[in-house]
Amino acid sequence: MEIVILAVVIAVVVIGALGGLVVGSRRKKQLPPPPPATPDITAPPAEPHVGDEAETPRDETRRTIEEVDLPDGGTAPATVEEPPVVEELEIPRIEVPEPTAGRLVRLRARLSRSQNALGKGLLTLLSREHLDEDTWEEIEDTLLTADVGVLPTQELVERLRERVKVLGTRTPEELRTLLREELIALVGPDMDREVKTEPAASKPGIVMVVGVNGTGKTTTTGKLARVLVADGRSVVLGAADTFRAAAADQLQTWGERVGAHTVRGPEGGDPASVAFDAVKEGKEMGSDVVLIDTAGRLHTKTGLMDELGKVKRVVEKHAPLDEVLLVLDATTGQNGLIQARVFAEVVDVSGIVLTKLDGTAKGGIVVAVQRELGVPVKLIGLGEGADDLAPFEPEAFVDALIGE
């Protein structure tokens, strides 16, 4: 019995020891930290709105207007914005062209600077003590070089030979008078050089301007409008050059400067239609003159020349043309004569306008082209200025050639 009790006690002691060891080991293990409390969430700073500062607005002490210090002078003046300036449309200023009477005389100095080679060359040769055959050949060469032409040169030299032989002594003044008289006779003082623009009772005067490319037809048409306005005429311009870019704009600009109305059509349109409308409006407006600018064309192109003839025929359904002016570049010399011949066959040229006589042009072309066509030179262009187109005056022209 005692043995049983002893065994039970030993067993209880062993179980208690083992229980203590287990509890001790558990105490040695670190317990996990307790779950954290719910954190406070701080809202991000508010995004600045348009016009706000980039940082979060802070409470500031606000002051009334009475508490704010103002600069000396009292209340600051309010800034008043001025209304924007509206640019007014520029109205073209109507120019008053200078009168045509005596215009060539005023331009004589410019003409003489480029043409003196002819007149002074002849005077120098004629002033030689002995006028032998070599001298007369030089005189002929001088005239031919100036584009006077073969037949007119021969005629002039023959007359000079006779008059110098009769004259005997040859003072400089006598030679100058002699040469002046013969050149004026050669130019043709008796030819009618008036541009026909006088309107009949029921129609305006109708003038058509023709020529090859690059001779200055549009510019000449604009300058002619100035000449007519200076003489007191009312003008309508017909922009029948519908093929060259900006030709109608160029002509309209010329017209606006002198108060002339411009009739134009679409680019690439029918030029005959534009010419027809120009004459129609000129009649309705009671204008004195209608100027029709045509497209430049090569005289060797048959189709283009036929179209020019069509423009003429369409215009004449209103009324006959009073004037057909052929514009020639004076620097082209004898080539200009070939052009003139072809145009004269197509549109019955009645007058010549020689342009670019202010440069290296040769004054003899005046004689040659008149002899070729049998029509007079009526206008000459002597420069780039708006009023550098002048009526042709034989005496003033010759005086410019031979100088004072």
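Determine the shape class of the stretch 183-321: with a ≥ b ≥ c the square roots of the Cα gyration tensor eigenvalues, call it rounded for a/c under 1.5, and otherwise prolate if a/b is greater than b/c, oblate otherwise. It would help to have the intermediate numbers written out before the result.
Working: a/c = 1.39, a/b = 1.10, b/c = 1.27.
Rounded, since a/c falls under 1.5.
Nearest 0.05, what FRET efficiency do GLU162 and LYS120 give at R0 = 30 Å with Cβ-Cβ as r?
Numbers: r = 23 Å, r/R0 = 0.76.
The formula returns an efficiency of 0.85 here.
Give me the 1.4 Å probe accessible area per residue for the stretch 191-273, excluding ligands and nucleic acids, in Å². Walk me through the numbers before you get to the answer.
Numbers: 3100 Å² over 83 residues.
Per-residue accessible area for the stretch 191-273 comes out at 37 Å².
Ignoring ligands, DNA and RNA, please state the percent of accessible area on the stretch 154-255 from carbon and sulfur, probe 1.4 Å. List each step's numbers first, then the result.
Values: 2280 of 4370 Å².
Of the solvent-accessible surface of the stretch 154-255, carbon and sulfur hold 52 percent.
Please state the shape class of the stretch 245-284: rounded when a/c is under 1.5, otherwise prolate if a/b exceeds b/c and oblate if not, all from the C-alpha gyration tensor. Could the numbers behind the result be given before it?
Values: a/c = 3.54, a/b = 1.07, b/c = 3.29.
Taking the square roots of the gyration eigenvalues as a ≥ b ≥ c, the stretch 245-284 is oblate.
Using a 1.4 Å probe over the heavy atoms of the protein chains, calculate the carbon and sulfur portion of the accessible area of the stretch 302-404 as a whole percent.
Working: 1720 of 3550 Å².
Here it works out to 48 percent.
The values are calculated or read from the model by the stated rules, or taken from the named source; none is laboratory data. Since the structure is predicted, the reported quantities are computational estimates derived from the model, not experimental observations. Backbone-built Cβ (ideal geometry, glycine too); neighbour counts: all protein chains shown. For accessibility, only protein heavy atoms count, side chains too; no ligands or nucleic acids. Shrake-Rupley method; radii C 1.70, N 1.55, O 1.52, S 1.80 Å.
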